[in-house]
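Report on one structure; see the data block that follows.
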Amino acid sequence: NYDVVVSNYVGSVTSSVAVLNVQPALATITLSNLIQTFDGTAKSASVTTIPTNLTVNLTYNGIANAPTNAGSYAVVGTISDTNYQGSVTNTLVINPATSTITTLPVAGAITYGQTLANSTLSGGAASTDGSFAFTTPGIVPNVATTNVSVTFTPTDTNDYTTTNAKVL
C-alpha cells in the first residue's frame, strides 16, 4: 500500500491509500532427456529455464519421485520463484531394456518326424531372469543338425524385451 503525495507551487495533496500490485514475470521452461532406457534407476527429465537457474518442481504422473520402470509418464514442471511464474507439460518415456543372451540353451535330440515341441531346451542364461522356448515349436526339422530359433522371454516383460537367437 502506498500514499501518493502530489505537490506544486500552490501546496500538496495526499491521496487515499493506493495499492500497487506487481505480478510475477513469465519464465520459459524447457524439458529434455525425455526418452531413456530402463536400468533399474530413477529416470528424471532435465530442465532449463529462461531466465536461467530458476527452481522448477517436477512431477511424474502427479508424483514428485522420478519413475524407475519402463513406461510413459506425464511430466509437469512448475516454476517455484516469487518473481517468476510458468509451467510446462511433456511426456517422459522409459523404454524397456534389451535382454541379452549370455549363454545359449542346448536343444535335446529328437527323432525325424517329431516337432521341436518334443525337444527340451536346457541351460542357457541371459542378462535378466526368464525362460527359453522354441520360437516355432510346431515345425518338423530336416534330418541332421540344424539351427532353430529360440526366444528368451524375461520374467519382467514390462522392463525387458524378448530376444531371439539360433541354437543347434
Which residue out of T151, T136, T103 is β-branched (V, I, T), more than 24 Å from T41 (Cα to Cα), open to solvent by less than 40 Å² (accessible area, probe 1.4 Å) and over 21 Å from the mean Cα position of the chain (by Cα)? T151
Condition met for T146 (farther than 24 Å from D39 by Cα and open to solvent by less than 70 Å² (accessible area, probe 1.4 Å)): yes
Restricting to the range 1-45, give me the number of residues that are free of Cβ contacts under 8 Å to residues at least 40 places away in the same chain, farther than 30 Å from N158 by Cβ and assigned to a strand (DSSP E or B). 10
Go through the range 46-72 and report how many residues are open to solvent by less than 30 Å² (accessible area, probe 1.4 Å), on the phi > 0 side of the Ramachandran plot and in a loop (DSSP other than H, G, I, E, B). 0
Check whether at least one residue in the range 107-126 is under 29 Å from the mean Cα position of the chain (by Cα) and more than 21 Å from Q36 (Cα to Cα), and report yes or no. yes
Subset of the range 110-155 (residues that are part of a loop (DSSP other than H, G, I, E, B), closer than 30 Å to N95 by Cβ and in contact with a Pro (Cβ under 9 Å, 6 or more places away or on another chain)): G123, G124, S127, T128, D129
Please specify each residue of the range 79-108 satisfying the condition of being over 27 Å from T155 (Cα atoms) and either touching a Phe, Trp or Tyr at 6+ places or on another chain (Cβ under 6 Å) or not in a strand (DSSP E or B) (or both). S80, D81, T82, N83, G86
Only listed residue being in contact with a Leu (Cβ under 6 Å, 6 or more places away or on another chain), open to solvent by 60 Å² or more (accessible area, probe 1.4 Å) and at pLDDT 95 or above, chosen from N158, N90, N83: N90
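The values are calculated or read from the model by the stated rules, or taken from the named source; none is laboratory data. In this text, all values refer to a predicted model and were calculated from it rather than measured experimentally. Positions of Cβ are generated from backbone atoms using ideal geometry, with glycine treated the same way; all protein chains shown enter the neighbour counts. Remember, those area values only see protein heavy atoms, side chains included, never the ligands or the DNA or RNA. Shrake-Rupley method; radii C 1.70, N 1.55, O 1.52, S 1.80 Å.
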